[in-house]
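Trainee: This is the structure I have questions about; it appears just below.
The values are calculated or read from the model by the stated rules, or taken from the named source; none is laboratory data. None of these values were measured; they are calculated from a predicted model. Cβ: placed from backbone, ideal geometry, glycine included. Neighbour counts: every protein chain shown.
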Amino acid sequence: MITIHPKNKPLPQPTTAETPETPATTPETPKPSKVIAVVNQKGGVGKTTTAINLAASLALEGLPTLLIDCDPQANTTGGLGFGRDDARPSIYDLLMDHHAADKVIVPTDVDNLSLVPGSKNLIGANIELVAQDRREYRLRDALAPVRANYPFILLDCPPALDLLTLNALVAADGLLVPMQAEYFALEGISELMSTLDRVTQSFNSSLALEGVLLTMYDDRTNLSQQVTENLTSFFTDKLLKTSIPRNVRLAEAPSHGKPVALYDSKSRGAEAYRELALELLARNNMESPEVARRRAAAAAAASALKSFTKPEKKHRFWQSSK
Ligand SMILES: Nc1ncnc2c1ncn2[C@@H]1O[C@H](COP(=O)(O)OP(=O)(O)OP(=O)(O)O)[C@@H](O)[C@H]1O
Ligand SMILES: [Mg+2]
């Protein structure tokens, strides 16, 4: 079990006798989208940086993407250029049933990327939710009507296993775990895996590990290589091939209110998150619409060039052979 704040707090048990995966009101539709929770109980490992930049990269590949700020710190919201505004509908209103999802979702400066903003009110939600019906299913139920609109929904979680994170895990299909390649990173792994097991057994049987992502990675150090070897033998193919290098542009971008793809699209950080988006698509047997569009455009240009150059070549050959 993951316990960070406070330590050793037991996982809440299901509040109803209903089948855990049955949303209260909305009938289950064939899975139209993938909900991925970016989770690690450890603080400062790159969850928010990954949530923002992976979501933006998927959106820029042409896939409508929804990013949800589940953390009371609201760093995802600030990192996308939204100032503090206590009157703005937020994830808090979604969880407390004040507003439906379509009233809370806002567009961002990135094409195809929408946001459910965070709010400092979330600090109180952990306590307020305890008395609510289906307290672990609030986010899952709230997202059901809009899931079909987004091939990917990403949830940025706080560094704690509280009711907010549990709501994210119950709403999710996949867990993406950012991790730094350092000695202590390995310590939390078994706790994380047993939390996944418990959530799968009690609340959400379709939750699975999507992947483990190395962040702030420096492949020049022996320690990084050693930790990577250990993680590879532990996670096998769940350790993502893409790793995110330490890159100052990634740290600077949020203060400009932009994902790195808009702040400095040529930086190593931007390239790594684009590569991560493509790896995620490939793992889910999906193709990037942008890649497909570029391939079709290149094929059209090549065939136009071919039909344009062929007659000219023949003509020259005929002239020179005379
Ligand atoms: N690849 C990177 N290169 C350089 N700096 C990075 C990178 N990834 C994250 N950072 C920086 O490290 C710090 C922590 O990152 P981030 O906020 O994404 O972690 P987090 O896991 O969301 O933290 P918290 O647990 O507090 O929510 C931030 O200052 C961020 O800008
Ligand atoms: Mg964060």
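Trainee: So which residues in region 226-256 are within 16 Å of ligand 2 (Cβ to nearest atom) and outside any helix (DSSP H, G or I), if there are any at all? Let's see the steps before the verdict.
Mentor: Going residue by residue through region 226-256, those that are within 16 Å of ligand 2 (Cβ to nearest atom) are 244, 250-251, 253-255.
Correct list: Ile244 only.
Trainee: Does Glu210 count as modelled with pLDDT of 95 or more, more than 19 Å from the chain's Cα centre (by Cα), surrounded by 14 or more Cβ atoms within 10 Å (Cβ to Cβ) and assigned by TED's automatic domain parsing to the domain that holds Gly83?
Mentor: On the way: modelled with pLDDT of 95 or more: yes; more than 19 Å from the chain's Cα centre (by Cα): no; surrounded by 14 or more Cβ atoms within 10 Å (Cβ to Cβ): yes; assigned by TED's automatic domain parsing to the domain that holds Gly83: yes.
No.
Trainee: Hey, another quick one. Name every residue in region 43-61 that is polar (S, T, N, Q) and within 13 Å of ligand 1 (Cβ to nearest atom), in order of residue number.
Mentor: Matches in region 43-61: Thr48, Thr49, Thr50, Asn53.
Trainee: Hey, does region 74-87 have a residue that's at pLDDT below 95 and on the phi > 0 side of the Ramachandran plot?
Mentor: no
Trainee: Do we find a residue being more than 13 Å from the chain's Cα centre (by Cα), within 9 Å of ligand 2 (Cβ to nearest atom) and in the same structural domain as Arg88 (by TED's automatic domain parsing) anywhere in region 45-67?
Mentor: yes
Trainee: Also, I was wondering about something else. Take the residues in region 62-79 that are surrounded by 24 or more Cβ atoms within 10 Å (Cβ to Cβ) and part of a loop (DSSP other than H, G, I, E, B), then tell me which one is nearest to ligand 1 (Cβ to nearest atom).
Mentor: Ranking the qualifying residues of region 62-79, first place goes to Asp71.
Trainee: Just a yes or no: is a residue in region 85-96 polar (S, T, N, Q), touching a residue at least 40 places away in the same chain (Cβ under 8 Å) and surrounded by 23 or more Cβ atoms within 10 Å (Cβ to Cβ)? Before you say what the answer is, go through the steps one by one.
Mentor: Residues of region 85-96 that are polar (S, T, N, Q), as a first pass: 90.
This time we only want the ones that are touching a residue at least 40 places away in the same chain (Cβ under 8 Å), so: none.
There is no residue in region 85-96 that is polar (S, T, N, Q), touching a residue at least 40 places away in the same chain (Cβ under 8 Å) and surrounded by 23 or more Cβ atoms within 10 Å (Cβ to Cβ).
Trainee: What are the residues in region 244-267 that are under 16 Å from Ala55 (Cα atoms) and either modelled with pLDDT under 95 or touching a strand residue (DSSP E or B) at 6+ places or on another chain (Cβ under 6 Å) (or both), if any?
Mentor: The one that is under 16 Å from Ala55 (Cα atoms) and either modelled with pLDDT under 95 or touching a strand residue (DSSP E or B) at 6+ places or on another chain (Cβ under 6 Å) (or both): Ile244.
Trainee: Identify, please: which residue in region 170-187 is within 16 Å of ligand 2 (Cβ to nearest atom) and within 15 Å of the chain's Cα centre (by Cα) and is, among those, farthest from Ser205 (Cα to Cα)?
Mentor: Out of the qualifying residues, it is Met179.
Trainee: Need the failing condition index for Ala160 against (1) over 30 Å from Arg220 (Cα atoms); (2) part of a strand (DSSP E or B); (3) within 16 Å of ligand 1 (Cβ to nearest atom), just the number.
Mentor: Here Ala160 clears every test but (2).
Trainee: Still on this structure, I have one more. Within region 118-138, is there a residue that is of a type in the set (Gly, Ala, Ser), assigned by TED's automatic domain parsing to the domain that holds Asn53 and within 27 Å of Pro289 (Cα to Cα)?
Mentor: No - not one qualifying residue is present in region 118-138.
Trainee: When region 257-268 is examined, which residues are found to be without any contact (Cβ under 8 Å) to a residue 24 or more places away in the chain and part of a loop (DSSP other than H, G, I, E, B)?
Mentor: Asp264, Ser265, Lys266, Ser267
Trainee: Right, something else. Sort through Leu213, Leu239, Leu175, Leu278 and tell me the only one that's within 28 Å of Leu129 (Cβ to Cβ) and of a type outside the set (Ser, Thr, Tyr).
Mentor: Leu175
Trainee: For region 161-195, which positions are of a type in the set (Gly, Ala, Ser) and surrounded by 24 or more Cβ atoms within 10 Å (Cβ to Cβ)?
Mentor: If the condition is that a residue be of a type in the set (Gly, Ala, Ser) and surrounded by 24 or more Cβ atoms within 10 Å (Cβ to Cβ), then Ala168, Ala171, Ala172 are the ones that fit.
Trainee: Go through region 195-225 residue by residue and tally those that are of a type outside the set (A, V, I, L, M) and either on the phi > 0 side of the Ramachandran plot or not in a helix (DSSP H, G or I) (or both). Full working, then the answer.
Mentor: Of all residues in region 195-225, those of a type outside the set (A, V, I, L, M) come to 195, 197-198, 200-206, 210-211, 215, 217-222, 224-225.
Subset that is either on the phi > 0 side of the Ramachandran plot or not in a helix (DSSP H, G or I) (or both): 203-206, 210-211, 215, 217-221.
Summing the residues that are of a type outside the set (A, V, I, L, M) and either on the phi > 0 side of the Ramachandran plot or not in a helix (DSSP H, G or I) (or both) in region 195-225 gives 12.
Trainee: Could you check how many residues of region 148-160 are surrounded by fewer than 24 Cβ atoms within 10 Å (Cβ to Cβ) and within 16 Å of ligand 2 (Cβ to nearest atom)?
Mentor: Residues that pass the stated criteria total 2.
Trainee: Right, something else. How about region 212-243: which of its residues are away from ligand 1 (no atom under 16 Å from the Cβ) and in contact with a strand residue (DSSP E or B) (Cβ under 7 Å, 6 or more places away or on another chain)?
Mentor: Leu231, Thr232, Phe235, Lys238, Leu239
Trainee: Then there is this: What's the number of the condition Leu139 fails, among (1) aliphatic (A, V, I, L, M); (2) over 25 Å from Pro107 (Cβ atoms); (3) not in a strand (DSSP E or B)?
Mentor: (2)
Trainee: Considering (1) within 13 Å of ligand 2 (Cβ to nearest atom); (2) touching a Pro at 6+ places or on another chain (Cβ under 9 Å); (3) under 30 Å from Glu279 (Cβ atoms), say which one Leu115 fails and leave the rest.
Mentor: (1)
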